[in-house]
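Reviewing the structure listed below.
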Amino acid sequence: MKISEEVLNNISSLSKIKIDEDIKPKLIEDLESILLMVEKMNKIDTSKIEPMSHPLDEANNLREDIAMHEIKRDNYQKSAPQTEDGFYLTPKVIE
Amino acid sequence: MNKEWESVIGLEVHVQLSTESKIFSNAPTKFGQEQNSQASLVDLGLPGVLPVLNEKTIEMAIKFGCAIDAEISSKAIFARKNYFYPDLPKGYQISQLDDPIVGKGKINVEVDNEEREIGITRAHLEEDAGKSLHDKYEGFSAIDLNRAGTPLLEIVSEPDLRSAKEAVAYLKKIHSIITFLDISDGDMSQGSMRCDANVSIRKFGDKKLGNRTELKNINSFRFVEKAINHEINRQIELIENGTSIEQETRLYDANKNETRSMRSKEHANDYRYFPDPDLIPIKITNEKIQEIKESLPELPEQKIIRFMEDYEISNYESKNLNSSKELSHFFEIVADKVSSAELAAKWILGDLTAILNKNNLNIKDSKISSTDMIDLLKKIEEGSLSGPGAKKIIELSWSSEESIDDLIKKEGLDEIKGEDEIIKIIDEIIKNNSKQHEQYIQGKEKLFGFFVGQVMKETKGSADPKQVNELLSKKLKQ
């Protein structure tokens with residue numbers, strides 16, 4: 001499967017990762033080779049196999065509904081670039 | 001409504017489940033706490049943390065599924081819905097795509113005495129996002145992640161609704177189911193229940209659906225009706241003017257009563273869902289479903305029928321009394337303690353509801369307790385308090401700290417007891433107004449009102465007007 005530059009730009013925008021012009025041809029090549037491998041796997045008949053959602057054959061790792069009340073906000077906020085009055089600040093984002 | 005165009009509406013309702021802790025972390029879920037004081041490392045999406053599912057959320061979702069007669073999935077898996085927004089620090093929301101916990105079900109909705117079945121497509125579990133404040137700091141968005149990770153049940157209906165009024169009735173039904181099940185407080189003003197509406201129109205008789213718009217941000221029952229009606233009219237106008245409807249998300253502005261386009265149309269959202277590798281599947285056994293089914297509390301529909309049978313009240317009264325869990329509970333307590341449940345229904349739905357509505361309060365915040373109500377009704381039944389007297393006491397006790405008994409004494413409403421005392425007062429009044437009495441006997445019947453007024457004044461409104469009328473007409477003719 002071919003990947004156009006348009007598709008690459010869309011992926012870049014969705015993942016919020018800026019891609020420099022000069023590495024685009026190499027990146028397209030890499031992505032195409034990954035897709036080639038996926039295409040190979042798609043040729044295998046899996047119609048009689050139930051898809052797994054997780055590689056571990058386990059289920060129900062559940063927690064009791066109990067709240068803990070030790071939120072160390074000041075501690076957690078130490079690693080944030082900017083905070084104010086307990087809020088995290090980000091560049092202004094309005095949809 | 002427009003005769004030519006049929007509106008087609010589907011609702012997505014987000015219900016906050018009333019758990020103690022969040023869906024994937026053990027941070028508390030209390031509303032109105034200091035910013036970021038309820039956000040744990042998992043809610044902040046820090047590297048190295050892992051989500052662990054709260055078992056209560058599964059139970060609550062199954063409860064809802066059983067209540068709407070839905071298929072419950074034997075397996076539930078969680079998926080990542082990827083998008084970037086600051087109030088979603090992980091860069092994805094944990095939600096469900098395939099194998100939602102609740103599958104197809106149905107809800108009966110009544111509008112103008114006509115009942116219709118509305119299909120439920122699915123209901124799935126997901127985590128809520130945080131809140132962004134854009135106006136607090138110049139040039140910045142301020143992020144509060146207290147709400148991040150709060151468990152939500154998203155209930156998706158089929159496009160079966162045909163009017164804004166029906167959409168409101170559907171929403172009210174969902175509200176009553178979740179509150180009777182005790183899985184959410186359903187408080188729309190606090191965002192515990194939120195609604196998005198998909199709206200399209202088509203010519204009556206058409207099978208094909210028109211292009212739809214999605215309305216976001218509708219936060220009260222009243223706004224649901226207004227927003228949808230507004231959108232229907234907007235679409236009719238556009239189509240009749242030869243413009244086509246663009247499939248888009250629109251935001252409802254309650255202040256201006258209008259909807260406006262919300263998302264940039266550059267590219268459609270592409271959430272790139274995939275199963276979350278951090279969470280292993282949930283298996284739900286038939287035994288578990290059976291166990292939950294058997295422990296379901298009485299639901300509004302069953303309660304409406306039982307109230308009509310047990311308390312001999314009308315279908316209308318029973319429906320209104322079961323419009324909320326608290327009201328239904330209040331009525332039951334009162335009705336069980338007085339001789340006439342019908343009287344209890346009349347007063348609770350009448351004067352008590354009126355004063356609650358006037359003060360914009362819910363029955364759970366009523367200043368008149370069920371004990372007060374029992375007290376009042378018993379006095380009415382005994383004949384020691386008149387209807388107008390009770391009405392007065394309800395109004396007075398609203399703004400007073402004094403007990404019902406003290407208020408009755410203070411207002412002198414306890415003085416008039418029986419017929420004898422009223423007769424005594426009537427005799428006195430006739431004696432003091434002999435001129436008017438004579439005119440009345442000579443045919444000036446209008447004066448009857450004058451005498452009623454005198455008696456009511458003398459008894460300070462504590463006498464039963466019906467009784468006064470009967471006694472007066474007898475006495476005045478003598």
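The values are calculated or read from the model by the stated rules, or taken from the named source; none is laboratory data. Everything numeric in this text was worked out from a predicted model, so none of it was measured. Glycine gets a Cβ as well: all are built from the backbone with ideal geometry, and neighbour counts include every protein chain shown.
Here B:S434 meets each of (1) without any contact (Cβ under 8 Å) to a residue 12 or more places away in the chain; (2) among the hydroxyl-bearing types (S, T, Y); (3) assigned by TED's automatic domain parsing to the domain that holds B:L352 with one exception, condition (3). Of the strands (runs of 3 or more DSSP E) lying entirely inside segment B:105-207, the ones with 2 or more residues being within 27 Å of B:Q33 (Cβ to Cβ) and small (G, A, S) are found at B:140-144. Could you please let me know if B:E34 is within 11 Å of chain A (Cβ to nearest Cβ) and assigned to a loop (DSSP other than H, G, I, E, B)? Taking the combined requirement at face value, the residue satisfies it. Could you check, for segment B:193-201, whether at least one of its residues is touching a helix residue (DSSP H, G or I) at 6+ places or on another chain (Cβ under 6 Å) and surrounded by fewer than 20 Cβ atoms within 10 Å (Cβ to Cβ)? Within segment B:193-201 (the criterion being touching a helix residue (DSSP H, G or I) at 6+ places or on another chain (Cβ under 6 Å) and surrounded by fewer than 20 Cβ atoms within 10 Å (Cβ to Cβ)), the answer is no, since none of the residues qualifies. Restricting attention to segment A:1-16, the residues that are over 24 Å from B:D278 (Cα atoms), within 11 Å of chain B (Cβ to nearest Cβ) and surrounded by 10 or more Cβ atoms within 10 Å (Cβ to Cβ) add up to 3. Checking every residue in segment B:437-448 against the condition of being touching an Asp or Glu at 6+ places or on another chain (Cβ under 7 Å), of a type in the set (V, I, T) and more than 26 Å from B:E381 (Cα to Cα) gives zero matches.
The condition of being over 29 Å from B:T249 (Cα atoms), within 14 Å of chain A (Cβ to nearest Cβ) and outside any loop (DSSP other than H, G, I, E, B) holds for B:K56.
Note on segment A:43-95: among residues that are within 7 Å of chain B (Cβ to nearest Cβ), among the polar types (S, T, N, Q) and part of a loop (DSSP other than H, G, I, E, B), the one that is farthest from B:P28 (Cα to Cα) is A:S53.
Does B:I368 satisfy being touching an Asp or Glu at 6+ places or on another chain (Cβ under 8 Å) and either within 23 Å of B:Y316 (Cβ to Cβ) or without any contact (Cβ under 8 Å) to a residue 60 or more places away in the chain (or both)?
Answer is no for this residue.
Whenever a residue of segment A:16-43 is more than 16 Å from A:S4 (Cα to Cα), its partners that are of a type in the set (A, V, I, L, M, F, W, C), lying with C-beta atoms within less than 7 angstrom and at least six residues away or across chains, give the pairs A:K16/B:F84; A:E39/A:M1.
Inside segment A:60-93, residues that are free of Cβ contacts under 8 Å to residues at least 12 places away in the same chain and over 17 Å from B:G139 (Cα atoms) make up a count of 20.
The C-beta contact set for segment B:229-241 (first residue farther than 17 Å from B:S163 by Cα, second residue surrounded by fewer than 21 Cβ atoms within 10 Å (Cβ to Cβ) and at pLDDT 95 or above, distance under 9 angstrom, 6+ apart or interchain) is empty.
The single condition among (1) more than 8 Å from every other protein chain (Cβ to nearest Cβ); (2) at pLDDT 95 or above; (3) more than 30 Å from B:L161 (Cα to Cα) that B:N26 does not satisfy is (1). The residue of segment B:351-401 that is farthest from B:E332 (Cα to Cα), among those that are β-branched (V, I, T) and crowded, with 20+ Cβ neighbours inside 10 Å, is B:I393.
Look through segment B:142-183, keep the residues that are of a type in the set (G, A, S) and within 14 Å of chain A (Cβ to nearest Cβ), and return whichever of them is surrounded by the fewest Cβ atoms within 10 Å (Cβ to Cβ). Can you show your working first?
Within segment B:142-183, the first condition is being of a type in the set (G, A, S), and the residues that meet it are B:142, B:148-149, B:157, B:163-164, B:167, B:169, B:176.
Then keep just the ones that are within 14 Å of chain A (Cβ to nearest Cβ); that gives B:142, B:148-149.
Details: B:A142: 22, B:A148: 28, B:G149: 30.
Looking at residues that are of a type in the set (G, A, S) and within 14 Å of chain A (Cβ to nearest Cβ), I get B:A142.
Among all positions in segment A:17-36, there is at least one residue which is loosely packed, with under 14 Cβ neighbours inside 10 Å and closer than 30 Å to B:A39 by Cβ.
Screening A:L31 with (1) aliphatic (A, V, I, L, M); (2) more than 14 Å from chain B (Cβ to nearest Cβ); (3) in contact with a strand residue (DSSP E or B) (Cβ under 8 Å, 6 or more places away or on another chain) gives one miss only, at (3). Applying the condition of being in a strand (DSSP E or B) and more than 9 Å from chain A (Cβ to nearest Cβ) to segment B:79-101 and asking which residue is nearest to B:F64 (Cα to Cα) yields B:S95.
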